[in-house]
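The values are calculated or read from the model by the stated rules, or taken from the named source; none is laboratory data. Owing to the predicted nature of the structure, the values given are computational and were not obtained by experimental measurement. As a convention, Cβ positions derive from the backbone with ideal geometry for all residues, glycine included, and neighbour counts pool all protein chains shown. We work out accessible area using only protein heavy atoms, side chains counted, and drop any ligands, DNA or RNA first. Shrake-Rupley method; radii C 1.70, N 1.55, O 1.52, S 1.80 Å.
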Amino acid sequence: MSRTATPTAAQERAALVDAVRDFAETELVPHAAQWDRDKFFPVDTLRTAGEMGLGGIYVREDVGGSALSRRDAVAIFEELAKGDTTIAAYISIHNMVAWMIDAFGDDAQRERWVPGLAEMSALGSYCLTEPGAGSDAAAITTSAVREGDEYAINGVKQFISGAGSSAVYVVMVRTGEPGAKGISAIVVPDGTPGLSFGPNEEKMGWNAQPTRQVFFDDVRVPVSHRLGEEGDGFGIAMKGLNGGRVNIGACSLGGAQWSLERATRYVQERRAFGGPLAENQSVVFALADMETELQAARALLERAAEKMDEGAPDAAVACALAKRFATDAASAAANAALQLHGGYGYLKEYGIERVVRDLRVHQILEGTNEIMKMIIGRSLLESA
């Protein structure tokens, strides 16, 4: 009598990564350049990703999530970004929205909003940044004034990914005193009267996802749309950003790895001075530096993800450290890959310049890398 061996966790993870790789190669790679050129947001492709369970990667299963680990998520986002860094980054933001509602919402909120987000039949946007409050997130001024069983929301949010296409907006608002303690998190569904959007921003990269201002003009939602208690919003936002930082680091890693693989092939094919570029020692050293930095970034991202999975007390610092290093290293590696291509790297046909443009913003969003350094440095001083 034969027995079927139960797959190990490592085998299951490898199969998952293979499936995501296939999706990226078939559904993203062939279209990435066109989407960038046309500034096209591929909603139908996102729904296909949702059918694979990529809309709620670490959301609980009872509301349609995949209930995977943060370490699994790092591997997933690296593979997605090899296909299209812009779409991978949006899926990261969408997952942060789904997770916030799953983690901090009550049963009714989870059952109402999370299943659609998990299958990506409904898209999500995260609204924290404002025209006058970026890195200083505790300084937001968008207000939510309670009037009976409703909140009246007024203000403007800036640089919101997916705005105008999303069904669900998780909005950080001021319900109380100045500073972090006066911030709450409220879910605003699309179509709510008074909710409107600015034009799509003209950006250096990330052209395949819309980025708009979101306007709240006496937007009224029930108090039951608030996540947690009044004043919990800043903590919810920061916990969401921990995961967002690791995910965006993984997206950077994927884009840079894609660029490195193409540069490695190119220098073996391209001939100059009587032989392949790969015979030039400076080229070999450049490839070695890129590989070393990207492997180090991957290790730091996996370490941070494991700390999140374990609920380690230093998880936030580990996420900041990994995000800072991974986004800087990946941006440098993609730029080095462009340099190794010479003039061809500057042409859209080769795709490297698109990745260079897309990765640049990763050093700014989810907390600038200067803020990451402040988190890391202050942690050292506090523990000294």
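Looking at this structure, is Ala337 buried (at least 24 other Cβ atoms within 10 Å of the Cβ), more than 20 Å from the chain's Cα centre (by Cα) and part of a helix (DSSP H, G or I)?
Against the criterion (buried (at least 24 other Cβ atoms within 10 Å of the Cβ), more than 20 Å from the chain's Cα centre (by Cα) and part of a helix (DSSP H, G or I)), Ala337 qualifies.
Yes or no: Val221 of a type in the set (A, V, I, L, M), farther than 29 Å from Ala24 by Cα and open to solvent by less than 50 Å² (accessible area, probe 1.4 Å)?
yes
Can you say whether Glu111 is under 29 Å from Leu227 (Cα atoms), of a type in the set (Asp, Glu), in contact (Cβ under 8 Å) with a residue 60 or more places away in the chain and exposed (fewer than 14 other Cβ atoms within 10 Å of the Cβ), as far as the supplied structure shows?
When the stated conditions are applied, Glu111 does not pass them.
Give the range 162-209 a look and list any residue that's open to solvent by 10 Å² or more (accessible area, probe 1.4 Å) and not in a loop (DSSP other than H, G, I, E, B), or say none.
Across the range 162-209, the qualifying residues are Arg174, Ala180, Lys181, Pro189, Leu195, Ser196, Phe197.
How many of the residues making up the range 126-143 are free of Cβ contacts under 8 Å to residues at least 12 places away in the same chain and among the acidic types (Asp, Glu)?
Number of matching residues: 1.
List every residue pair whose Cβ atoms lie under 7 Å apart, where the two residues are 6 or more positions apart in sequence or sit on different chains, the first residue falls within the range 244-262 and is over 15 Å from Leu300 (Cα atoms) and part of a helix (DSSP H, G or I), and the second residue, located anywhere, is open to solvent by 10 Å² or more (accessible area, probe 1.4 Å) and charged (D, E, K, R).
If the second residue must be open to solvent by 10 Å² or more (accessible area, probe 1.4 Å) and charged (D, E, K, R), the pairs left are Gln257/Glu78; Gln257/Lys82; Trp258/Lys82; Leu260/Glu291.
Just give me the residues in the range 230-279 being surrounded by 15 or more Cβ atoms within 10 Å (Cβ to Cβ), polar (S, T, N, Q) and farther than 30 Å from Asp102 by Cα, in sequence order.
Gln257, Ser259, Thr264 - these are the residues of the range 230-279 that are surrounded by 15 or more Cβ atoms within 10 Å (Cβ to Cβ), polar (S, T, N, Q) and farther than 30 Å from Asp102 by Cα.
Table: residues versus (1) within 17 Å of the chain's Cα centre (by Cα); (2) among the small types (Gly, Ala, Ser); (3) more than 30 Å from Val221 (Cα to Cα).
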site: Phe23; (1), (2), (3): no, no, yes
site: Thr26; (1), (2), (3): no, no, yes
site: Asp36; (1), (2), (3): no, no, yes
site: Glu61; (1), (2), (3): no, no, no
site: Arg70; (1), (2), (3): yes, no, yes
site: Val74; (1), (2), (3): yes, no, yes
site: Glu78; (1), (2), (3): yes, no, yes
site: Asp84; (1), (2), (3): yes, no, yes
site: Arg110; (1), (2), (3): no, no, no
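Open to solvent by less than 60 Å² (accessible area, probe 1.4 Å), free of Cβ contacts under 8 Å to residues at least 12 places away in the same chain and assigned to a helix (DSSP H, G or I), is that true of Gly345?
Taking the combined requirement at face value, the residue satisfies it.
Does Gly65 satisfy the criteria of being in a loop (DSSP other than H, G, I, E, B), open to solvent by less than 70 Å² (accessible area, probe 1.4 Å), in contact (Cβ under 8 Å) with a residue 60 or more places away in the chain and within 29 Å of Glu111 (Cα to Cα)?
When the stated conditions are applied, Gly65 does not pass them.
Might you let me know whether the range 37-50 holds any residue that is in contact (Cβ under 8 Å) with a residue 24 or more places away in the chain, part of a helix (DSSP H, G or I), out of contact with any Cys (no Cβ under 6 Å at 6 or more places or on another chain) and closer than 26 Å to Gly176 by Cβ?
No, because not a single residue in the range 37-50 is in contact (Cβ under 8 Å) with a residue 24 or more places away in the chain, part of a helix (DSSP H, G or I), out of contact with any Cys (no Cβ under 6 Å at 6 or more places or on another chain) and closer than 26 Å to Gly176 by Cβ.
(1) open to solvent by less than 40 Å² (accessible area, probe 1.4 Å); (2) out of contact with any Gly (no Cβ under 7 Å at 6 or more places or on another chain): which one isn't true of Leu227, the others all being true?
Here Leu227 meets the rest and fails (2).
Residue by residue through the range 340-364, note down the ones that are within 22 Å of the chain's Cα centre (by Cα) and of a type in the set (Gly, Ala, Ser). Give the steps one after another, and end with the answer.
So the first thing to find is which residues in the range 340-364 are within 22 Å of the chain's Cα centre (by Cα), and the list is 351-364.
The one that is within 22 Å of the chain's Cα centre (by Cα) and of a type in the set (Gly, Ala, Ser): Gly351.
Just give me the residues in the range 288-302 being surrounded by fewer than 19 Cβ atoms within 10 Å (Cβ to Cβ) and not polar (S, T, N, Q), in sequence order.
First, pick out the residues of the range 288-302 that are surrounded by fewer than 19 Cβ atoms within 10 Å (Cβ to Cβ): 288-289, 291-292, 295-296, 299, 302.
Residues satisfying the conditions are Ala288, Asp289, Glu291, Ala296, Ala299, Glu302.
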